[in-house]
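The values are calculated or read from the model by the stated rules, or taken from the named source; none is laboratory data. From a predicted model like this one, the values you see are computed outputs, not experimental measurements. Here the Cβ positions follow ideal geometry from the backbone for every residue, glycine too, while neighbour counts run over all protein chains shown.
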Amino acid sequence: MNFQNRVLVVGGGPAGLAASIALRSVGFRVTVIDSGQPPIEKVCGEGLLPATLAALGRLGLECSPSDGYPFLGIRYIGNEQVVEASFPHHHALGLRRLSLHQKLVECGRRTGVRFLWGTCVDRIGPEGVYANRSLIPSEWIVGADGAGSRVRKWIGITSVGSTHRRYAFRKHYQRAPWSNYMEVYWGRATQFCVTPVGSKEVCVVVTSRNSMLRIDEALLEFPLLASRLGGADCLEPERGATTSTVSYAEVYRGNVALVGDASGTVDAITGEGLRLAFLQAEALAETLVEGNLALYGRMHRELAKRPARMARLMLAMDGRPWLQRRALRALASEPELFGALLEAHVGQTSLRRIAAAGVRLGWRMATA
């Protein structure tokens, strides 16, 4: 079997870098092409859950607590209710997106990935990628160029389902973390996510369906969080992005495969976007060894099921204060239930336990 095939990865974000590292690990020669320069920034909550850290470890990238700020679990705050649970086995890590990207680039270099930064792809064809009007031949092409993927459009794959788009805005505050938990604050139609990312720094993200809502205005609904941030300096200008759950009928065509947001997205409220991209990278490497992209398509669909279900469940409370109250009251009345749901969220429990937790939550909400 020939493991010296050339793969061109279009897109040098975390998904493209993870795919390139995974493909190098099984012997492919890989080149990453991106019009930007590293490190590349993107608005996100910057919390790497235990399963995400485990996926990074399998790619050969170890993140130590000193790289960011370890946190122990997730705390939900809303409607005068507070529920929290710790991760069952391992800690999570708050890590600046720029730091994560730089670590992935360095890992790629160590494994022998070739990079063409500052290079714009003009189009793709069966024989390879055209960049700066020149053909770069390849046997396989990986589209990792984000939710607005040009690669996906070039091969004719269109959306088959999506939720309503939401809008996220992020700031970093120079403020010592007040908790060893990632905190999620629920409002009427707004959520705040606060992640400790350093000994003197927290990442704050607000998400809503209102494209005009910014952090300072949104904080008026959250006096507790506003008081905790009061007087803290912002370390950079506010940045925004969109988030949604989108799926596609196909994630490959011919010799082209899609990974990361180019292959579909899950709402940021799940915290699953990066983990999903890293698992897709592993699946792509496993199946491309055999040249079996049909198998990759099946594995991709299976990987997306649980995050998509979790997104639907969590977003069911969005804009429904009565449902938020019932859910948080139910979880507060039985803390072990929230722990079971957190295990399900991070993929560290069986389907039987997930089903049992769902039944218990439904009963608690009905009687709350």
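Points worth noting:
- Candidate set from the range 33-82 (those that are buried (at least 22 other Cβ atoms within 10 Å of the Cβ) and among the acidic types (Asp, Glu)); member that is farthest from residue 215 (Cα to Cα): 34
- Among the residues listed as 60, 118, the single one being over 22 Å from the mean Cα position of the chain (by Cα) and not assigned by TED's automatic domain parsing to the domain that holds residue 222: 118
- Being surrounded by 23 or more Cβ atoms within 10 Å (Cβ to Cβ) and touching a residue at least 60 places away in the same chain (Cβ under 8 Å) holds for only one residue in 23, 93, and it is 23.
- Annotation for the range 106-116: no member residue is of a type in the set (Asp, Glu), crowded, with 20+ Cβ neighbours inside 10 Å, more than 18 Å from residue 266 (Cα to Cα) and at pLDDT 95 or above.
- Exactly one residue out of 207, 190 is closer than 18 Å to residue 311 by Cβ and without any contact (Cβ under 8 Å) to a residue 60 or more places away in the chain: that is 190.
- The residues of the range 25-79 that are among the basic types (Lys, Arg) and either outside any strand (DSSP E or B) or in contact with a Pro (Cβ under 6 Å, 6 or more places away or on another chain) (or both), listed by number, are 42, 58.
- Selected residue (only one of 294, 218 is farther than 18 Å from residue 45 by Cα and either at pLDDT 95 or above or assigned to a helix (DSSP H, G or I) (or both)): 294
- 1 or more residues modelled with pLDDT under 95: qualifying strands (runs of 3 or more DSSP E) within the range 118-183: 121-125, 128-131, 134-137, 159-162, 166-174
- Of the listed requirements (1) assigned by TED's automatic domain parsing to the domain that holds residue 216; (2) over 24 Å from residue 35 (Cβ atoms), residue 92 misses just one: (1).
This table checks each residue for (1) surrounded by 15 or more Cβ atoms within 10 Å (Cβ to Cβ); (2) more than 12 Å from the chain's Cα centre (by Cα); (3) outside any loop (DSSP other than H, G, I, E, B); (4) not hydroxyl-bearing (Ser, Thr, Tyr).
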{"site": "224", "(1), (2), (3), (4)": "no, yes, yes, yes"}
{"site": "227", "(1), (2), (3), (4)": "no, yes, yes, no"}
{"site": "231", "(1), (2), (3), (4)": "no, yes, no, yes"}
{"site": "236", "(1), (2), (3), (4)": "no, yes, no, yes"}
{"site": "241", "(1), (2), (3), (4)": "yes, yes, yes, yes"}
{"site": "247", "(1), (2), (3), (4)": "yes, yes, yes, no"}
{"site": "257", "(1), (2), (3), (4)": "yes, yes, yes, yes"}
{"site": "262", "(1), (2), (3), (4)": "yes, yes, yes, yes"}
{"site": "269", "(1), (2), (3), (4)": "yes, no, yes, yes"}
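- Residue selected from the range 142-162 under the condition buried (at least 21 other Cβ atoms within 10 Å of the Cβ) and in contact with a helix residue (DSSP H, G or I) (Cβ under 7 Å, 6 or more places away or on another chain), by the criterion nearest to residue 8 (Cα to Cα): 142
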